[in-house]
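The values are calculated or read from the model by the stated rules, or taken from the named source; none is laboratory data. None of these values were measured; they are calculated from a predicted model. Cβ atoms come from the backbone with ideal geometry, glycine included; neighbour counts cover every protein chain shown. Heads up: the accessible areas ignore ligands, DNA and RNA and are worked out on the full protein's heavy atoms, side chains in. Shrake-Rupley method; radii C 1.70, N 1.55, O 1.52, S 1.80 Å.
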Amino acid sequence: MRPVWIAAGEAVTALGDGVAALWAGVAAGRSGVAPVTAFPAAGYASAVAAVVPGLGSGLRVLALLDRLAARLGPVPPGCRLVAATTKGALEAWERLRRGDPADPALVPIPGLLGEVARRFGTAGPALNISAACASSTVALGRAAAWIAAGRAEAVLVVAFDAVTEFVFSGFSSLKALDPGPCRPFDRDRAGLTLGEGAAALLLVSPGEAERRGLAPRGAIRGWGASNDAFHLTAPARDGAGLLAAIHQALARAGLAAEDLGAVSAHGTGTVYNDAMELAAFRALFGERRVPLHSVKGAVGHTLGAAGALEVLLALEMLRRGVVPPTVGFAHPTEGAEGRVSAASQPLTGGAILSTNSGFGGVNACLVVGGP
């Protein structure tokens, strides 16, 4: 297989525009969680979310894409597009149901894909991956597989989701929202905090990088996916499905668990997801205490954008040699002792595992390495 290089990446989150703003906020232990103002939230299980400020009165998802595209810059001619979103422009459907003006063509994913392609200047084949909370991790794995197999030279992965009342009310009805900011891997965790954001990563082959004069920022060395086939919304308690995806990714990367220096975990702050991940990591690492990190206390659960944002953070961890604090973490739950920290930890290896899991039992992971 050919190497898969990450040539460029950008982000928009509640901590600000750009990877630098994301890293600065996470490294300082800041949180972008704030009261929800886009819709009345008083009747729900929570009234907070990590929303991006200044998106205006139009569709938030389109404003997110505009700000992201302005930061990324041009992509190579013929670049393929893979989008990742769980609900797309669901705001348009909400507005139409209320009798407000909205473009119905944006509700189906193909209509939204056209808007993504136009903003980022891609003209090649395009598709959207909707795999619940693992959407962008699966999308990056698909793009990496194309490049590794010689089926593409450049693929742009664009991941995004906005906080909408439909999604907010759904998680509230499932009793999955923490009334305050989420607390990943904490013994007192009580649910997740929704967030919104967008991320774009340009994956290229080494030959394409040389032709375009692109310097690699890192590499996707392995990828894996599985399904628990256990429950519609709950993960398998033993973490076996996630562990199977991890072993796939390590095999593709030609690495062992001992080669991993840290884990960028899904870490939602829900009781069962965090416990499932810790079970999988205990089975993978044994007594070795590999640093675990969750970004969701800082930017919320960004759904379709979650995995892509984690990869951008992983590149910064590798570049700086440090694992940032897990915002919201204070008292370790069983299995998190000596692994999750409210302070920065040193990165001791040259590869990072990024994991995501979602409704329907989906699990996906990536092994991210340096340039």
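Take each peptide in 309-318, 20-29, count the other Cβ atoms within 10 Å of every residue, and average; sorted highest first, the result is 309-318, 20-29. Shape call for the stretch 258-360 from the C-alpha gyration tensor, a ≥ b ≥ c root eigenvalues: rounded (a/c under 1.5), prolate (a/b greater than b/c) or oblate? It is rounded, given that a/c, with a ≥ b ≥ c, falls under 1.5. Packing order of peptides 342-355, 286-299, 186-199, 72-85, highest average first: 186-199, 286-299, 72-85, 342-355 (average count of other Cβ atoms within 10 Å over each peptide's residues). Structural descriptor for the chain: relative contact order 25 percent, calculated from alpha carbon pairs under 8 angstrom and at least 6 residues apart.
The relative contact order of the stretch 1-151, computed from alpha carbon pairs under 8 Å that lie at least 6 residues apart in sequence, is 25 percent.
Of the solvent-accessible surface of the stretch 177-297, computed with a 1.4 Å probe over protein heavy atoms with every protein chain present, carbon and sulfur atoms account for 53 percent. Radius of gyration over Kirkwood radius for the chain, both on Cα atoms: the Rg/Rh ratio is 0.94. What separates the Cα centres of the stretch 1-50 and the stretch 102-142 is a distance of 20 Å. Using the 1.4 Å probe convention, the accessible area of the chain works out to 36 Å² per residue with neighbouring protein chains retained. Counting Lys and Arg as +1 and Asp and Glu as -1 over every other residue whose Cβ lies under 13 Å from the Cβ of ALA159, the net charge comes to -2.
Computed per residue of the chain from DSSP H runs no shorter than four, each worth -39500 (n - 2.57), the mean residue ellipticity at 222 nm is -10000 deg cm²/dmol.
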